[in-house]
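The values are calculated or read from the model by the stated rules, or taken from the named source; none is laboratory data. Please read these numbers as outputs of a predicted model, since none were measured by experiment. FYI the Cβ positions are ideal-geometry reconstructions off the backbone, even for glycines, and counts take in every protein chain you see. Accessible surface is based on the protein model in full, side chains and every heavy atom, while ligands, DNA and RNA are left aside. Shrake-Rupley method; radii C 1.70, N 1.55, O 1.52, S 1.80 Å.
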There are 2 protein chains.
Amino acid sequence: MKQLTIQSSSHAYDVIIGAGLRKKLSQKLGKSYKKILIVTDSKVSSLYLEDVKAGLPDHENLSHVIVPAGEASKSMEQYSRLLDKCIEEQLDRSSLIVGLGGGMVGDLAGFVASTYLRGVDFLQMPTTILAHDSSVGGKVAINHEQGKNLIGSFYSPVQVIYDTDTLRTLPDSEVRSGYGEVVKHALLSDMDWVKEVLSEDFSELSYSQLGDHLLAGIKVKASIVEEDEKEHGVRRHLNLGHTLAHALESDLGYGEITHGEAVAIGIFFAMKVSEKVLESTLPVDAYSAWLKTNEYPVEKLSNLNPERLVNRMKWDKKTIEDRIHFVLLKGVGSPAVVPIPEDDLVNHLKEFIEEVIQIDERD
Amino acid sequence: MKQLTIQSSSHAYDVIIGAGLRKKLSQKLGKSYKKILIVTDSKVSSLYLEDVKAGLPDHENLSHVIVPAGEASKSMEQYSRLLDKCIEEQLDRSSLIVGLGGGMVGDLAGFVASTYLRGVDFLQMPTTILAHDSSVGGKVAINHEQGKNLIGSFYSPVQVIYDTDTLRTLPDSEVRSGYGEVVKHALLSDMDWVKEVLSEDFSELSYSQLGDHLLAGIKVKASIVEEDEKEHGVRRHLNLGHTLAHALESDLGYGEITHGEAVAIGIFFAMKVSEKVLESTLPVDAYSAWLKTNEYPVEKLSNLNPERLVNRMKWDKKTIEDRIHFVLLKGVGSPAVVPIPEDDLVNHLKEFIEEVIQIDERD
């Protein structure tokens, strides 16, 4: 079992990582709760909901609600439905909401917890690799049809309890997705760790090593959000790869590519642009080979329109300006936010798409 | 012009009180904003919206949205509609939302501002006496059909700009409503101020004195919320009169009695119970006479069922317990939170209703 304490602007909370923790929730809870509501999704519920319930003592005051699996549940409709459920179960200010699932469940349940009775305790139980990123840092949100995460709060959990056993049931695309954020945290950190991640072939993944990577990723994220929770400064570095990723996700249509797969491709783009704009020296070839080995879906770039992608990026940044602020790398462990004029960005993207597709077709 | 700085957990903000301020907003803004959205209601818009817009410079990036007047607009439906409007107007993180109106508008617009893009700047322009209370302290919320303010945030404005001219158009019931919170702040403060308020006949109200009362009320509220923003301790004292008030409002049906009228009656009850339970010496007769002079609608108590009111109080407290925690007065300026068993409370209420109706019928 591994443990880490994170300081948010309002309180400190522990992240606990280990095998089998889902069955021992009552031992791990920081205090006793009169009522507990578990929020989960239709996929995770069939796998782990009963284990989690069995690991909690007082069944009388324990309830659950299941939302459909998939990003579409981060909606105003499900948000409103979950609030109705909180009221129906008469959760009060000394109640707990548990988010059992991936990033979608965490974001949705966290937003409910942040606004029900102006805030009740929220416990994250991530069940994906990707959620090592979203479960830490206090960003919770739902989507609007015009864009992702447009409605939300900054609201930190009281605990994050991460059962690594739940990662064994992840499909390949979800492992790739999770490692999109792991490799980002490595690139924001140091070369030794980058080398270690880029040597990974996911088909031979060791779950003990995965636990180490999750902890290391959470440490990187935690140190950044502790310094800048509200994203006025260094937290923007965590957007490495995300500006293109969000544009890819919305342009391809949600569900066509996982978030972390899109991030991994977005990072590849950011590395290429860094070489051109900042003359950085980066492990681009090793990165390209890693994408290939692990079957990241770079071929999905082939039919995309660079101008349209750049238009999507403008709205995504939540700040409307003529130049788009991009996170680039001066080197491994050395990010920089660089404003790039729209036209330049379109050209960079055209070149990138051509190069990547050539590499992909060559083999 | 009067000014006061309030320290919230996240930032300090100014409250500015004066005649005609609604026409000079651009002079008062703390910084420049690329886009401004004014949220107001159907009553206030016809009186003051054009003045406020004329006092702002860049009409191109200025928009407004009008919700129906009345508590019913603090709904999930209007919340969702306002978020759509924010997106339609492409408000970004450097935009401002202005709440122009009474407590309903402030609570609704504030909740939108607190959750749009995880929080944008919010400026309160209260147009009622009552809103001197709600515009300070950072509580924003919408209602659920099961209860008031069940969905919301703690989110402080960047400024409160209070044009006392807008109070001249208030109907009598709204003046009574506002003074329900003013007299509460006086009772939590000192006897001199209590005497001053209880000598007021609203039909002869001086607007300069009213400005002083608003400032004094805001000072009381500010000093309490600065000490305890999240209501773990002394902030509960601000609930003086509110436990019965919320029960009255929901039992009579929203719109049948204004919030502050219900608070004034709730305070009368709390004073009576304080005399019995704590043997306090309080200006109960002067208070009773003041309610009478200013036509507070105490007769509405006559057909109410004490048991049903107590049941409503239990849910209102947002903490389900066997005993209801009531704010009582050991004396003027000396509140105390006292747990009262349900049965006792029912008996106190029975006696109170009988007494009050007798007083009312006697004259």
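For the reader, a short list of remarks on this structure follows.
- Residues in region B:165-189 that are farther than 18 Å from B:Val136 by Cα and open to solvent by 10 Å² or more (accessible area, probe 1.4 Å): B:Asp165, B:Arg168, B:Thr169, B:Leu170, B:Pro171, B:Asp172, B:Ser173, B:Glu174, B:Val175, B:Arg176.
- The single condition among (1) modelled with pLDDT of 95 or more; (2) more than 12 Å from A:Phe352 (Cβ to Cβ) that A:Lys314 does not satisfy is (1).
- Within region B:154-164, considering residues that are among the hydroxyl-bearing types (Ser, Thr, Tyr) and within 14 Å of another protein chain (Cβ to nearest Cβ), the one surrounded by the most Cβ atoms within 10 Å (Cβ to Cβ): B:Ser156
- Residue that is outside any helix (DSSP H, G or I) and either more than 18 Å from A:Leu117 (Cα to Cα) or in contact (Cβ under 8 Å) with a residue 60 or more places away in the chain (or both), where the choices are A:Gln27, A:Gln3, A:Gln90: A:Gln3
- Filter pass, B:Val298 being crowded, with 16+ Cβ neighbours inside 10 Å, hydrophobic (A, V, I, L, M, F, W, C) and under 30 Å from B:Ile16 (Cα atoms): no
- Selected residue (criterion: surrounded by the most Cβ atoms within 10 Å (Cβ to Cβ)) from residues of region B:20-41 that are closer than 22 Å to B:Phe111 by Cβ and charged (D, E, K, R): B:Asp41
- The listed residues are B:Asp212, B:Asp192, B:Asp228, and the only one of them that is open to solvent by 10 Å² or more (accessible area, probe 1.4 Å), at pLDDT 95 or above and assigned by TED's automatic domain parsing to the domain that holds B:Leu328 turns out to be B:Asp192.
- One residue from A:Lys148, A:Lys184 being under 25 Å from A:Ser8 (Cα atoms) and either in a helix (DSSP H, G or I) or not assigned by TED's automatic domain parsing to the domain that holds A:Gly103 (or both): A:Lys184
- Yes/no for B:Val44 being away from chain A (no Cβ under 14 Å), in contact (Cβ under 8 Å) with a residue 24 or more places away in the chain and either assigned to a strand (DSSP E or B) or surrounded by fewer than 19 Cβ atoms within 10 Å (Cβ to Cβ) (or both): no
- Unique residue being open to solvent by 10 Å² or more (accessible area, probe 1.4 Å) and outside the structural domain of B:His237 (by TED's automatic domain parsing) when the list is B:Gly101, B:Gly119, B:Gly137, B:Gly110: B:Gly119
- Residue that is nearest to A:Arg312 (Cα to Cα) [pool: residues in region A:127-141 that are aliphatic (A, V, I, L, M) and within 9 Å of chain B (Cβ to nearest Cβ)]: A:Ala141
- Residue check, B:Ile17 more than 23 Å from B:Asp92 (Cβ to Cβ), part of a strand (DSSP E or B) and out of contact with any Asp or Glu (no Cβ under 6 Å at 6 or more places or on another chain): yes
- Among the candidates A:Arg118, A:Arg81, residue that is within 14 Å of another protein chain (Cβ to nearest Cβ), under 28 Å from A:Pro57 (Cα atoms) and not in a helix (DSSP H, G or I): A:Arg118
- All positions within region B:47-62 that are open to solvent by 60 Å² or more (accessible area, probe 1.4 Å) and outside any loop (DSSP other than H, G, I, E, B): B:Leu47, B:Glu50, B:Ala54, B:His59, B:Glu60
- Residues located in region B:192-231, provided they are among the polar types (S, T, N, Q) and part of a helix (DSSP H, G or I): B:Ser203, B:Ser208, B:Gln209, B:Ser223
- Checking every residue in region B:123-134 against the condition of being in the same structural domain as B:Lys53 (by TED's automatic domain parsing), touching a Phe, Trp or Tyr at 6+ places or on another chain (Cβ under 8 Å) and either of a type in the set (Val, Ile, Thr) or surrounded by fewer than 24 Cβ atoms within 10 Å (Cβ to Cβ) (or both) gives at least one match.
- Filtered residues of region B:324-356 (kept if among the polar types (S, T, N, Q) and either open to solvent by 60 Å² or more (accessible area, probe 1.4 Å) or part of a helix (DSSP H, G or I) (or both)): B:Asn347
Residues checked against (1) in a loop (DSSP other than H, G, I, E, B); (2) hydroxyl-bearing (Ser, Thr, Tyr); (3) away from every other protein chain (no Cβ under 14 Å); (4) touching a residue at least 24 places away in the same chain (Cβ under 8 Å):
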site: B:Leu108; (1), (2), (3), (4): no, no, no, yes
site: B:Phe111; (1), (2), (3), (4): no, no, no, yes
site: B:Leu123; (1), (2), (3), (4): no, no, yes, yes
site: B:Gly152; (1), (2), (3), (4): no, no, no, yes
site: B:Thr166; (1), (2), (3), (4): no, yes, yes, yes
site: B:Glu174; (1), (2), (3), (4): no, no, yes, yes
site: B:Gly180; (1), (2), (3), (4): no, no, yes, yes
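- Some residue of region A:249-264 being open to solvent by less than 10 Å² (accessible area, probe 1.4 Å) and either under 16 Å from A:His348 (Cβ atoms) or not assigned by TED's automatic domain parsing to the domain that holds A:Val337 (or both): no
- Within region B:173-189, the residues that satisfy the criterion of being touching a helix residue (DSSP H, G or I) at 6+ places or on another chain (Cβ under 7 Å) and charged (D, E, K, R) are B:Arg176, B:Glu181, B:Lys184.
- Filtered by the rule that a residue be within 14 Å of B:Ser114 (Cα to Cα) and part of a loop (DSSP other than H, G, I, E, B), region A:154-164 gives a lone residue, A:Tyr155.
- Subset of region B:63-86 [open to solvent by less than 20 Å² (accessible area, probe 1.4 Å) and either closer than 20 Å to B:Thr166 by Cα or modelled with pLDDT under 95 (or both)]: B:Val65, B:Val67
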